[in-house]
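Report on the following structure.
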Amino acid sequence: MAGIRDDFSVQALGQGLLVALVGYASSVAVVIQGLAAVGASVSQIASALVVIGIANGLVAIALSWWLRMPISIAWSTPGMALLATTGAVAGGFPAAVAAFIVVGALIMLTGLWTPLGRIVAAIPKPIASAMLAGILLKLCLAPFLAIGKASWVAVAVLVTWLLFMRFARGYAVPAAVAVALAAMAFDAPFAGMAAADLIPHLELVMPIFTWEAMVNIALPLFIVTMAGQNLPGLAVLAAYNYRPRVAPLLLSTGAASVVGAPFGMPTINLAAITAALCAGPDAHADPTRRYVAGILGGIGYVLLAALAGIAAALVARSPPVLIEAVAGLALIGAFGSAIVNAVQDDDSRLPGLVTFLVTASGLSLFGIGSAFWGLVIGLAVHHVLRLGART
């Protein structure tokens, strides 16, 4: 604890809390939609939101503290989108819960498969940086797109950020977050809601293992989570020169997924976009002290779990673009560094650009998102060009 106190900084506090806020608010609607599509009731969805917040937070705190690296944990947004398109299966939500348990177990088994770590370590830095830039592009555009959707709030957030960047750089993002939250609370009052709707609670769901759920939910959800979240998450950390052992990350997220699934919780995994908030220089100039942002981000998730009902109601009644706008402002520096690292080497420029463009395109094949395909196609271009150079 003494070491954490010494390494604490206002920048880490701002970035850590932003991780939790962005991770929760930017895609909680997708989680709700995905769970509802596979048959979850309103109370089961509320239970899932409580448990997933606690699981995200505790795993992030434990891993960041143990590894002394800024580890961010999140739910699988592409996985939740997959659930939304899959719909209910035989056995209803209990069958989906059984599928969540199986996915968690498969992730734990993958954690014991060491070639995955070697694959990530072999990714050239320009390719990893280009993929990161492609992931960040959409959020970095959000502050300016927000002007057309929530003009006065977006302008207030932008002006606050700019003024603090000029006079108190370390406080720029926290100040922008405060303005956005105040605007959301003003525009989304809780009048007419019962107090019981805002109190988080847990609901146990007994799993029912069915073949249909294994084929239609468990297998594709596992593939999407590994390809669309864990591999890009590891690559984002590598882009900032953090290369943790893969086994502890997958074993802990897989185990937490198994334990939380009976309460309706879907799979958790490494974060990709929010990982850049903790791992980048905005969390601290010293890379060895950025792990504190991971810990604080975990604490933020736990606090949001305690306020799951309020948070869900606030997000459901507010434009998601506001939170995305704040995240975009925080990530502009990270985007600039990533794109420079992707193209500054002449030999790696074309593979880097291809990786960036594919990732930013939003391409989705077989339920797997563009970050994975950006890596695959970029690496293919990289190796083809190297083969041509050798011959």
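The values are calculated or read from the model by the stated rules, or taken from the named source; none is laboratory data. This is a predicted model, so every value here is computed, not measured. Using ideal geometry, Cβ is built from the backbone for each residue, glycine included, and neighbour counts are taken over all protein chains shown. Just the protein is used for accessible areas: all its heavy atoms, side chains included, with ligands, DNA and RNA removed. Shrake-Rupley method; radii C 1.70, N 1.55, O 1.52, S 1.80 Å.
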For the stretch 73-93, pairs from a residue that is on the phi > 0 side of the Ramachandran plot to a residue that is of a type in the set (S, T, N, Q) and buried (at least 19 other Cβ atoms within 10 Å of the Cβ), with Cβ under 7 Å and 6 or more apart or across chains, are Gly91/Thr210
Pairing a residue in the stretch 294-306 that is on the phi < 0 side of the Ramachandran plot and outside any helix (DSSP H, G or I) with any residue that is open to solvent by less than 10 Å² (accessible area, probe 1.4 Å) and among the basic types (Lys, Arg), where Cβ atoms lie under 7 Å and the two sit 6 or more apart in sequence or on different chains, gives none
Residue hits (the stretch 116-135; in a helix (DSSP H, G or I) and modelled with pLDDT under 75) are Leu116, Gly117, Arg118, Ile119, Val120, Ala121
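Being buried (at least 18 other Cβ atoms within 10 Å of the Cβ), touching an Asp or Glu at 6+ places or on another chain (Cβ under 9 Å) and on the phi < 0 side of the Ramachandran plot narrows it down to one of Val38, Val30, Val22, so name that one.
Val22
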In the set Trp66, Trp161, Trp152, Trp113, the lone residue that is farther than 30 Å from Ala40 by Cβ, among the hydrophobic types (A, V, I, L, M, F, W, C) and not in a helix (DSSP H, G or I) is Trp113
Expected single match for modelled with pLDDT under 90, among the hydrophobic types (A, V, I, L, M, F, W, C) and within 15 Å of the chain's Cα centre (by Cα) among Ala81, Ala90, Ala74, Ala60 is Ala81
